[in-house]
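*Asks:* Below is a structure I'd like to ask you about.
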């Protein structure tokens, strides 16, 4: 199997992150504004990076890891002392507790720079952040090729388009490259495979409606937006051939932590014998977490549940509107955990693993 994705797959004119070699800043798409506006933000301090991650201007586990690594480098530009290293690591690590890629990237940068004298640390951190970003692109490419083989197997002897269901956004916007769950879809479409994507809206922040649907439209991929709770009915009717989505953290036993609503889809898929695959780069595996019970579940602001943001019909501008009465209490758990028994397989850059034992055989234990 080739190591590189064909160039045609990366035809879309958008990138979640840009860094010019030697520049002491990064440019990111402000994903809070999509799909109604496409705007780039320049982040030139560790504090700005932390705010962008915390406020979800950038999101998606692999992208958060890379952006966090650059934030570490920016922090060391200002203070490369041992105390500065500790402060920067703690500040950035606290921004999003669930996605393991952030801690992985911060730990990797710290291990790279600590042997150096303080005066050399910032340059080493920038080099390591660049390496993490480049590796992420390569991982996406290889993962996409392995995922493509699944789609090709399902497409054999089929006369109608392949119906694929997604959840949240695991596309190019969530990574430094082609995406995780979307990489096989992008590649299949580029090769002419007839397919259609069911895009789950993903309440409460609507990453499916705002981001995944936008990415599909950018690449000309047939897709239909659905409410999250329609997923089970579509599977029962036989309108879904495959569910493939990303992950924020996968435990050593194969339990999958991902955007809230993933568990519901896994249950429906199992009940209707629909293959349920998780696409993940190896840094998303947390070998230190024995099971999903050890993964912290982020609780975000209730305001995300109580209001919804969109473009107004009258003014054509983006605005937030309340959808519940004043004083309504709300709970906003951002992730859930899908037990490994409900997962058909794990698509990684080294191949497709049918279970946790095979996943460990492919990737070791991260040491």
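Here, each number is a calculation from the coordinates, and none is a lab measurement. Computed from a predicted structure; not experimentally measured. Heads up, the Cβs are rebuilt from the backbone with ideal geometry, glycines too, and the neighbour counts pull from every protein chain shown.
*Asks:* Expressed as a rounded percentage, what relative contact order does the chain have, with Cα pairs under 8 Å and six or more residues apart?
*Replies:* After rounding, I find 16 percent.
*Asks:* Pairs of Cα atoms under 8 Å, at least six residues apart: use those to get the relative contact order of region 7-135, whole percent.
*Replies:* Answer for region 7-135 is 22 percent.
*Asks:* If you project the alpha carbons of the chain onto the principal axes, what extent comes out on each, in Å, largest first?
*Replies:* Taking the Cα atoms of the chain, the three principal extents are 62, 53, 40 Å.
*Asks:* Oh, and also: Determine the equivalent ellipsoid of region 266-352 by diagonalising the alpha-carbon gyration tensor, then write out the semi-axes as square roots of 5 times the eigenvalues, largest first, rounded to whole Å.
*Replies:* In descending order the semi-axes read 35, 18, 15 Å.
*Asks:* Using only Cα atoms, what is the ratio of the radius of gyration of region 144-363 to 2.2 N^0.38 Å? Mind showing how you got there, number by number?
*Replies:* On the way: Rg = 17.5 Å, N = 220, 2.2 N^0.38 = 17.1 Å.
Computed over Cα atoms of region 144-363, the ratio equals 1.02.
*Asks:* Additional query: Rank 38, 274, 58 by mean-square fluctuation in a GNM of the chain with C-alpha springs under 10 angstrom and give only the top-ranked residue.
*Replies:* In this elastic network of the chain, the residue with the biggest mean-square fluctuation among 38, 274, 58 is 38.
*Asks:* Kirkwood hydrodynamic radius, region 1-140, all distinct C-alpha pairs: what's the number in Å?
*Replies:* 15.3
*Asks:* Hey, could you grab the Kirkwood Rh for region 130-211? Inverse mean 1/r over distinct alpha carbon pairs, Å, one decimal.
*Replies:* Across region 130-211, the inverse of the average 1/r is 13.4 Å.
*Asks:* Stokes-Einstein D for region 223-301 at 25 °C, 0.890 mPa s, Kirkwood Rh over Cα pairs, in µm²/s?
*Replies:* Values: Rh = 13.7 Å.
For the chosen part, D equals 179 µm²/s.
*Asks:* Here is a follow-up. Order of 231-242, 318-329, 137-148 by packing, highest average Cβ count within 10 Å first?
*Replies:* Averaged packing, sorted descending, gives the order 137-148, 231-242, 318-329.
*Asks:* Same structure again: Three principal axis extents, largest first, for the C-alpha atoms of region 269-314, in Å?
*Replies:* 49, 30, 22
*Asks:* Here is a follow-up. Among DSSP beta bridges whose residues both lie in the chain, state the antiparallel percentage, nearest 5.
*Replies:* 50
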